[in-house]
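The values are calculated or read from the model by the stated rules, or taken from the named source; none is laboratory data. Not measured: the values here are computed from a predicted model. Here the Cβ positions follow ideal geometry from the backbone for every residue, glycine too, while neighbour counts run over all protein chains shown.
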Amino acid sequence: MRSSGDRLFGLIKWLIILAFVAVVVLAVLPLRWYYDSISEQLKPLVLREVSGSLVKGSADTLRFDALPLGHAEWLLYPGSLTGIGGRLRVFQQQYDLTFQLKNINAEQQQFKKVSGFVDWATIQPFLQIRNGQFTGYWQFDLNQVSLKKNQGLQRMSGTVTLKDFKLLQPEQLDLGEVTIDFKAQNEGMIVGNISSNSQVMNVSGALYLQPNRWQLNLDIIPRPGYYQLTNALQGVGDVRPGGGRKLNRAGFY
């Protein structure tokens, strides 16, 4: 006759087996069959027009809280007892970013790495450039990105580099590269030092990221003789004493 301890052990064993089977079933079943039932557990990620499975699939639209991120592809696995790990790619015509997930849940989002590009055209409308047309793309190579609900970014390191940066109008001009080098000074305090590698201008300053706040202090100084760049930058920020433009901006995210 089996003891109560043996029966308890047998019950636990069968519960583990059933849990494993349930995970396997969810992993291979089409996600569209049961997405509505698990959507609350996946927040702050919201998917639309899903295909594939929970482990490997795609969505025509992905939203992070209220932020639309475009098309999505993923390969997921449990990152911990309370979160998701794996890889997530979001992309549209003007950007393509891949997030190596460390642990994602409703309270915090931790990424091992964020890589990819964002086209210059995505941010140009925010700079109030009226007299010139620019082109280029931002190359992302970030590590240890961590966000917390209601607190924003907590940690981030790595670089974001503006590459293939050119003035197209009124004249074509190669502007070199601009790099933002991010380091986390303390939990919740991230500083991105800005520098340039250019023959025609000097860009320097810093981007400060604090809980739910950002501040940008930036100097853009065309080198002597490049009047076409000076004209193209009119209206960007404020006139800088001694020449060039200065941007001192702050806000919330």
Problem - Within region 208-253, considering residues that are under 30 Å from the mean Cα position of the chain (by Cα) and among the aromatic types (Phe, Trp, Tyr), the one farthest from Phe64 (Cα to Cα) - result: Tyr208
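Conditions tested, residue by residue: (1) modelled with pLDDT under 95; (2) hydroxyl-bearing (Ser, Thr, Tyr).
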| residue | (1), (2) |
| --- | --- |
| Val114 | no, no |
| Thr122 | yes, yes |
| Leu127 | yes, no |
| Gly152 | yes, no |
| Asp164 | no, no |
| Ala184 | yes, no |
| Gly188 | yes, no |
Fill in the blank from the handout: Screening Gly176, Gly116, Gly136, Gly152 for residues that are closer than 23 Å to Pro211 by Cα and touching a strand residue (DSSP E or B) at 6+ places or on another chain (Cβ under 8 Å) leaves only Gly152
Handout entry: Residue list for region 1-58, restricted to those being at pLDDT 50 or above, part of a helix (DSSP H, G or I) and among the acidic types (Asp, Glu)
Key = Asp36, Glu40
